[in-house]
Amino acid sequence: NKANYRHFMAKEIHEQPEVVGQTLAHYVDMAGERIELPSKLPFDFNAIQRIWITACGTASYAGQVAKYWFERLARLPVEIDVASEFRYREAPLRKGDLAIFISQSGETADTLAALRYAKAQGLHTISVVNVSTSTIARESEVVLPTLAGPEIGVASTKAFTCQLMVIAAIAVAAGRERGELSKIEEIKLVHELIEVPPLIAATLAIEPQIEKLAHDIAKSRDVVYLGRGTSSPLAMEGALKLKEISYIHAEGYAAGELKHGPIALIDETVPVVVIAPYDRLFEKTVSNMQEVAARGGNVILITDAKGASEAAMGSIVTIVLPDMPATFTPMVYVIPLQLLAYHTAILMGADVDQPRNLAKSVTVE
Ligand code: M6R
């Protein structure tokens, strides 16, 4: 049931502090301040040369964030592809390497086919799934569950943040096992993860501001989302969420790609949502933002207090999120994107929980 919410999507957005916290609790030994995966892995991360991540839609954007985390925290190369491509491209896989499949439903046909392909090639398989009785869960070697609870809205929200939490835990465990993270570093990262659920809760408090902003978005024909580093998959996720439930055309780009084409789209009618926590890439993203502003684009900057004061430009709308350490920002910065899509869809009169042409679980190719 929807509790006191108008839509399942709203309920699921607001459940995130709780379910992300539950998921974390399943992966952390709080007393030992260390990550402890709920299942023993049948391989050693030191024997893995490459991780292959496969998923569809929103889950594939969680996979793109995972690439940054595994590469940074565990120094492990990652290939990420959407399942519909991976399953047919006959990538040369190395026996004994690791393949990770991310799926809320655990029934997505392409992701399942990709899992079967990787298994047949002799890879170890981990599935990050929300439905633990699903086919993907049953057929993979190890299941690392997200504890999001049932997700009813077609637009994936809480499953995404929980997927990120599980992946963060695997990446930290891999970094530790590979000697890339010291005990002290692991403790620091664990504390940063523990901070995520309250940060999500604090971020949800900006909903009234986002609701107002949705009026401008609802009048637009096209919306562009930009971000760098782990915020670049978020740009794609923000765009996907908006188009899927409000039917407004949106594009997500790595901010540095702007001048390779999409900047041609920018004029005074195009809102540009810039996702830029104050991190080591902030200045680069801001310079892309200035290029947009110079062409009349309406910039909506999502950042923190430091970023807002550094970027101070008269003509932009700023959404200020709480300060937080740089590594795990995607779990928090996706919240305003979900809220923006949700409120825009309501203004458009769209069926938020059951958008046209879409199924919750894509069980056919
Ligand atoms: O159940 P899955 O996680 O495998 O589903 C994958 C996609 O179909 C799903 O994330 C889809 O993109 C969502 N509707 C996005 O909100």
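Taken together, the values in this text are just the output of simple stated rules run on the coordinates, not laboratory data. Remember, it's a predicted structure, so these values are computed and weren't measured experimentally. All Cβ positions, glycine included, derive from the backbone under ideal geometry; neighbour counts span all protein chains shown.
Starting from the Cα of Arg50, move 7 Å in the Cα-to-Cβ direction to define the label point; list residues of region 127-168 whose amide nitrogen is under 20 Å from there.
127
What residues have an amide H closer than 5 Å to that of Gly252, excluding those fewer than 5 places away on the same chain, when H is modeled at 1.01 Å from N in the peptide plane?
Close amide H contacts, sequence-distant or interchain: Tyr225.
What is the gain in length, in nm to one decimal, between Asp323 and Arg89 on full extension, counting 0.36 nm per residue of separation less the C-alpha to C-alpha distance? It would help to have the intermediate numbers written out before the result.
Values: separation 234, 0.36 × 234 = 84.24 nm, distance 4.19 nm.
Separation in residues times 0.36 nm, less the Cα-Cα distance, equals 80.0 nm.
Set the Förster radius R0 to 45 Å, insert the Cβ-Cβ distance between Glu291 and Ile187 as r into 1/(1 + (r/R0)^6), and round the FRET efficiency to 0.05. Spell out each step's value before the answer.
On the way: r = 41 Å, r/R0 = 0.90.
With R0 = 45 Å, the Cβ-Cβ based efficiency is 0.65.
Determine, for region 203-318, the count of lysine pairs separated by eight or more sequence positions (or lying on different chains) whose alpha-carbon distance falls under 17 Å. Provide the component values of the computation, followed by the final result.
Values: Lys219/Lys241; Lys219/Lys243; Lys259/Lys284; Lys284/Lys306.
Close lysine pairs found across region 203-318: 4.
Of Val332, Ala350, Ile316, which is farthest on the positive side of the dipole of region 285-365, counting Cα position, with +1 on Lys and Arg Cβ, -1 on Asp and Glu Cβ, and the Cα centre as origin?
It is Ala350.
For Glu310 and Arg138, what is the calculated FRET efficiency with R₀ set at 41 Å and r taken between the beta-carbons, to the nearest 0.05? Walk me through the numbers on the way to the answer.
Numbers: r = 50 Å, r/R0 = 1.21.
So, using R0 = 41 Å, E works out to roughly 0.25.
Identify the trypsin sites (Lys or Arg not before Pro) of region 246-348 meeting these criteria: DSSP loop state and at most 16 other C-beta atoms within 10 Å of the C-beta.
Arg280, Arg295
Return one number: the angle in degrees, 0 to 90 and rounded to the nearest 10, between the long axis of the Cα atoms of helix 109-120 and the longest principal axis of the Cα atoms of the chain.
The two axes meet at around 30 degrees.
How large is log10 of I(q)/I(0) for region 1-111 at q = 0.12, 0.17, 0.18, 0.23 Å⁻¹ when the intensity is taken from the Debye formula with one equal scatterer per alpha-carbon?
-0.57, -1.04, -1.12, -1.37
Which one, Ser39, Ile167, Val270, is farthest towards the positive end of the dipole of the chain when Lys and Arg carry +1 and Asp and Glu -1 on their Cβ?
Ser39
In debye, nearest 20, what is the charge dipole magnitude of the chain about its Cα centre with +1 on Lys and Arg Cβ and -1 on Asp and Glu Cβ, if you could check? Could you put the intermediate results ahead of the total?
Numbers: 34 positive and 43 negative charges, 84 e Å.
Using Cβ point charges on Lys, Arg, Asp and Glu, the chain gives about 400 debye.
What is the helix-to-structure angle for 231-246, meaning the angle in degrees between its Cα long axis and the longest Cα principal axis of the chain, kept from 0 to 90 and rounded to the nearest 10?
Computed tilt is about 70 degrees.
Using 0.36 nm per residue, how much length does the chain from Thr269 to Glu283 gain when fully extended, once their Cα-Cα distance is taken away? Before the final figure, lay out the partial values.
On the way: separation 14, 0.36 × 14 = 5.04 nm, distance 2.51 nm.
In short, 2.5 nm is gained.
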